[in-house]
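Report on the structure given below.
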Amino acid sequence: MPDMILEWIGYTASLVILISLLMSSIKKLRWINLFGAILFSFYGFMIASIPTGLMNASIALVDIYFLYKIYSSKEYFKIMHIKQDYEFLNEFIKFYKQDIKKISSFTIDDVKRSEVKMLILRNMNPAGIFIAEKLDNKTLEIVLDYAIPRYRDLKIARHIFKNNREYFKELGYKKFFTESSNPTHIKYLYKTGFVSAKYKGRKGFVKEI
């Protein structure tokens, strides 16, 4: 293989590993790091650098091991319905205020008027919040659906929209409505089953419960 191609493989592998370290999601970090380690291992063996090849092959095996643990482990989810005590919820929102601003104009003042207020625990760690208010007798408007960066793998969304469906039905609601102009958030909405729609003259996204 030409030396120039090998050199570019080495540069690409280094870049991929660097990108992996920028990931806030552990799952994404492991997958990208795995690809970079395999590429770097191949590069090491091709230039006859056995230590480089073996070291990165070992890193790839470590990534595979932890990915197996991530996918095979059973996680615990708990939804805490907030009724009166807003102190922890308010502090949570304040702490993640700048990140929340990227997807919503939601503020702490919106909390009390919202009918549904949830704090989602994942393995007993505060992982996200879900806040919605009554739009009409059959529709809940989601004003904030937020997961902290390390837990953005759709598992929280599945727990809310699928496992917790009966809760919303018992309240009498049949659909969700929300608005968004953030491309990343819109992509998330499509993945969780929302469709583009107009509702009462407002352009947004709708999901049947």
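Ordering Y188, Y43 from the fewest to the most neighbouring beta carbons within 10 Å gives Y188, Y43.
Between E133, E166, E179, the residue with the greatest mean-square fluctuation in the GNM of the chain (Cα pairs under 10 Å linked by springs) is E166. Look at the alpha carbon pairs under 8 Å that are at least 6 residues apart: their mean separation over the length of the range 24-70 gives a relative contact order of 44 percent.
Evaluated at q = 0.08 Å⁻¹, a Debye calculation over the C-alpha positions of the chain (equal weights, vacuum) places log10 I(q)/I(0) at -0.40. Across the chain, Cα pairs under 8 Å and at least six residues apart give a relative contact order of 13 percent. For the Cα atoms of the chain, what angle does the longest principal axis make with the long axis of helix 50-72, in degrees from 0 to 90, nearest 10? Long axis of 50-72 versus the principal axis of the chain: about 20 degrees. Dipole check for the chain: with +1 at the C-beta of Lys and Arg, -1 at the C-beta of Asp and Glu, and the Cα centre as origin, the magnitude is about 840 Debye. Its DSSP H runs of at least 4 residues, each contributing -39,500 (n - 2.57), put the calculated 222 nm mean residue ellipticity of the chain at -14000 deg cm²/dmol, to the nearest 500. For the pairs K138/K207; K102/K169; K155/K203; K83/K191; K78/K191; K117/K138, flag any whose C-alpha to C-alpha distance is greater than 24 Å. Long pairs (Cα-Cα over 24 Å): K102/K169; K155/K203; K83/K191.
Listed by chain and number, the aspartates and glutamates placed with their C-alpha closer than 16 angstrom to that of K74 are D153; residues fewer than eight positions away on the same chain are left out. Along its first, second and third principal axes, ordered by size, the range 3-72 spans 40, 21, 13 Å in Cα coordinates.
Each value in this text was obtained by applying a stated rule to the coordinates, not by laboratory testing. A quick note: this is a predicted structure, and the numbers were derived from the prediction, not measured. Backbone-built Cβ (ideal geometry, glycine too); neighbour counts: all protein chains shown.
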